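Working notes for the structure below.
Taken together, the values in this text are just the output of simple stated rules run on the coordinates, not laboratory data. Bear in mind that the values here come from a model prediction, so they are computed numbers and not experimental data. Cβ: placed from backbone, ideal geometry, glycine included. Neighbour counts: every protein chain shown.
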Amino acid sequence: MNSPLPAALRPSPAADTTRAVTGTVAVRPDAGTDGPAPGPSRPAADEPDTIGRPIGVVMARFPDPADGFVSTEIRGLQARGHRVVPIALAAPPADDRANTEPLAAVARHLDDASDLQALTLLAMGAGNVPAAIRFCRRQTALPWRALLWRGARLAALADNADIEHLQARGTGEEAALAIVAALLLGCTASVRIATEADIAEARDLGHKLASGHFVVATERALAAAAGALAPQARVVTLSEIVDVQDFQVSAVPPHPADRRILVLGPALAAGVAEAILEAVAALPEGRRPGLTFACAGQDGAALAKAAEARGIASLVRIEPAPPSGAIADRMQGHSAVVAALDVGQAEDAAAASMIVPIPIKVGLAAGLAVVALDAPNASVAADLGCARSVGPGDQSGLLDAIDAIARMSAGELASLGHGARRRATQLFSLRAQMRPISETIELVAPSAS
């Protein structure tokens, strides 16, 4: 049984623990706004040819049914030669997933570290205890003594596992603990931002991002937001990674009326949903494919009303945006996917492949004919494997693209889909996708004591 919390480290009353303490954040010489070079243009084998730093991935729970990408990303890091240990803050789940997840056998829980181990690390650790205390006192989300104590537990776990880098999968307590543990242990830490909620709901986020060694953002907009909060932070933009082998290529129904187009991704720009509905409504009745809208933040009632006004309500399904663990299943039963291709000014497919939004990536992996919206460069979109691309704000081009997809024969659609799958296999090996994070982990150095 663990011993009581030492008196010197017991949380002080609430009036004390929410007080912000002023101070400065050191800017490390390795900090910067640019990430590493883009990934390779040719496929890379998933067998590691180097040995990278051991990594502890800190998350609220593991396995996490709501986060279907975490195991894939860990496999990608392993393919880059890293030994990876999942570290969960919450108790392990009691359901069968804990037994079927291969990584569950090596996962650790915060309470696996004893009070004695935490005290020993605080007293004799190789890191910077004063810096860890300063970080804890400056943040306002958690009682600083409790944060320091839990951070010491995490540091003890990481020390026992010979971890050299801690990646926080989240911007709340996960990030705070990873940074404290890294300071105590003398290793490096990074913070991963995957959703708008990671920014909107996290307290002291600028302090956390500036105190870590780098930030991983899964979208360009999130990277920009992180850079605005912590201008001195190194920010790496890398879209969610996929294992192409998790996706099955579906057969294309021979009759157009039996096919469905999946509209996937974040909220659509104004007028885009209406343009897609218009394109389908303009087709002869026997050639109209079904439409499935599964976008975050979509107005289901407005979509249903717009479909009814065009006489195609029976063809339209409106579904919630799929959680990451269900994306592969959601692809089934569709012949094409429509999604935004936000890759900035990437000049080639190799550079674009690092920041391809996940709806485009999963469409290619599933062997669907992909219509890329807001594509800044048609040649890049084609080289990625997209069947059609539409420039920003080009409503007539969107109508033409949907019409072209709907008119294709089953053989033409199948050929496009198989080409997309081949390109996805070439560009999106696990090892290639994780290159920016792996290289940055190897590049950064621990903060000076």
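Using only side-chain charges placed at the Cβ, +1 for Lys and Arg and -1 for Asp and Glu, the dipole size of the chain relative to its Cα centre rounds to 580 debye. According to the Kirkwood relation over distinct C-alpha pairs, the hydrodynamic radius of the chain is 23.3 Å.
Note on the chain: GNM, Cα springs under 10 Å; of 310, 80, 145, the largest mean-square fluctuation is that of 310. Most simply put, the chain has about 0% antiparallel DSSP beta bridges, counting only bridges with both residues inside it. Counting only DSSP H runs of at least 4 residues, each contributing -39500 (n - 2.57), and dividing by the residue count of the chain, the helix-based mean residue ellipticity at 222 nm comes to -11000 deg cm²/dmol.
Ordering 129, 226, 381 by Cα displacement along the dipole of the chain toward the positive end leaves 129 in first place; charges were set at the Cβ atoms of Lys, Arg (+1) and Asp, Glu (-1).
Between the residues 280, 304, 315, the greatest Cα displacement towards the positive end of the dipole of the range 244-427, with unit charges on the Cβ of Lys, Arg, Asp and Glu, is found for 315.
For the range 197-202, the Karplus equation 6.51 cos²θ - 1.76 cosθ + 1.60, evaluated at θ = phi - 60°, returns couplings of 5, 4, 8, 5, 9, 8 Hz by residue, with Gly and Pro reported as x. Each part gets one Cα centre, and for the range 255-327 versus the range 331-383 those centres are 19 Å apart. For the chain, the longest principal axis of the alpha carbon atoms and the long axis of helix 272-281 meet at an angle near 30°.
Note on the range 86-241: with charges restricted to the Cβ of Lys and Arg (+1) and Asp and Glu (-1), its dipole about the Cα centre is near 680 debye. With the chain treated as a Gaussian network of Cα nodes joined by springs under 10 Å, which of 266, 376, 102 yields the largest mean-square fluctuation? Most flexible of the set in this elastic network: 102. Comparing 320, 284, 86 in a Gaussian network model of the chain, where Cα atoms under 10 Å apart are tied by springs, the biggest mean-square fluctuation is seen for 284.
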